[in-house]
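Here is the structure we will look at, set down as structure tokens.
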Amino acid sequence: MQPSAHPAPSRRPGYGPTVAAAVAGVLIAVVVLVVGIGSWVDDFPDLETQFQPGETVPVTLAADRPSVIYVSPTEAAYADRCAAELPGGTVAITESKTFTFLSGGRGWAARYELLADRDGTARLTCPRAGSGVLLAVGEQADNPALLRKLSGTIGFALVLGLAGIVTAVVLGMRTARRRRELRT
């Protein structure tokens, strides 16, 4: 038998690597975003002491490091002043910087800042409020650090996602060019 006069058809390059690059870039970006936001949420204030308005609770305070009284739900109109007694010291209670977050399935909003002149355990009492209001004492949120972490996470995820898409576009253009060359 004689060899065929027609050359064997050459295999045309496929778009599999192009799709894989796009999918990988987007999936990596999503993973970075989910992990980063989880880490960001972990940096929210710990609510050490939760209590009902009208109760007196012990609160450990450190001099020169403010603690914050948070109220839940966040829209609760809790405008009453709390009082703190610290044996041998004083506790200044002032309006807090605004900060709202979710913890334990509840929304919390910063209302008052507690600043003791010495370390110790104070007895904190906040007046009764409407039903369903819960109070908590926790650390003060570091808003600038939280904002930097969130924006950095989102920015890094966007860069990774775009890198995957740009890589896919470049691979797709090369594949299309090779396929055209093989047709001629």
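When you look at Pro17, is it within 30 Å of Arg179 (Cβ to Cβ), open to solvent by less than 30 Å² (accessible area, probe 1.4 Å) and at pLDDT below 90, yes or no?
Spelling it out, it is not the case that Pro17 is within 30 Å of Arg179 (Cβ to Cβ), open to solvent by less than 30 Å² (accessible area, probe 1.4 Å) and at pLDDT below 90.
Report, ordered by the first and then the second residue, all pairs with beta carbons closer than 6 Å, sequence separation of six or more or different chains, a first member in region 136-165 that is touching a residue at least 12 places away in the same chain (Cβ under 8 Å), and a second member that is among the polar types (S, T, N, Q) and open to solvent by 70 Å² or more (accessible area, probe 1.4 Å).
Here the result reads Ala136/Gln50, each pair linking region 136-165 to a residue that is among the polar types (S, T, N, Q) and open to solvent by 70 Å² or more (accessible area, probe 1.4 Å).
Can you find, within region 77-102, the residue that is modelled with the lowest pLDDT among those that are more than 29 Å from the chain's Cα centre (by Cα) and in a loop (DSSP other than H, G, I, E, B)?
Step by step, filter region 77-102, then rank; the result is Asp80.
Does any residue of region 160-167 turn out to be open to solvent by 50 Å² or more (accessible area, probe 1.4 Å) and assigned to a loop (DSSP other than H, G, I, E, B)?
There is no residue in region 160-167 that is open to solvent by 50 Å² or more (accessible area, probe 1.4 Å) and assigned to a loop (DSSP other than H, G, I, E, B).
Sort through Thr60, Thr49, Thr74 and tell me the only one that's in a loop (DSSP other than H, G, I, E, B), β-branched (Val, Ile, Thr) and either at pLDDT below 90 or surrounded by fewer than 14 Cβ atoms within 10 Å (Cβ to Cβ) (or both).
Just one listed residue meets the conditions, Thr74.
Among the residues in region 29-44, are any open to solvent by less than 80 Å² (accessible area, probe 1.4 Å) and farther than 21 Å from Arg148 by Cα?
no
When you check Arg123 against the structure, is it of a type in the set (D, E, K, R) and surrounded by 13 or more Cβ atoms within 10 Å (Cβ to Cβ), yes or no?
Here the answer is yes, as Arg123 does meet what is asked.
Collect the residues in region 85-107 that are closer than 23 Å to Val133 by Cα and surrounded by 15 or more Cβ atoms within 10 Å (Cβ to Cβ), keeping them in residue-number order.
Scanning region 85-107 gives Ile93, Ser96, Phe99, Phe101, Ser103, Arg106, Gly107.
Among Ala110, Ala136, Ala145, which is the only one that is out of contact with any strand residue (DSSP E or B) (no Cβ under 6 Å at 6 or more places or on another chain) and either open to solvent by 20 Å² or more (accessible area, probe 1.4 Å) or part of a strand (DSSP E or B) (or both)?
It is Ala145.
Out of (1) at pLDDT 90 or above; (2) not in a loop (DSSP other than H, G, I, E, B), what's the single condition that is false for Arg118?
(2)
Restricting to region 27-83, name every residue that is among the aromatic types (Phe, Trp, Tyr) and closer than 17 Å to Ala136 by Cβ.
Those that are among the aromatic types (Phe, Trp, Tyr) and closer than 17 Å to Ala136 by Cβ: Phe44, Phe51, Tyr70, Tyr78.
The values are calculated or read from the model by the stated rules, or taken from the named source; none is laboratory data. In this text, all values refer to a predicted model and were calculated from it rather than measured experimentally. A quick note on method: Cβ atoms are made from the backbone with ideal geometry, for glycine too, and the neighbour counts reach across all protein chains shown. When the accessible area is computed, the model is the full protein with side chains, heavy atoms only, and any ligands, DNA or RNA have been set aside. Shrake-Rupley method; radii C 1.70, N 1.55, O 1.52, S 1.80 Å.
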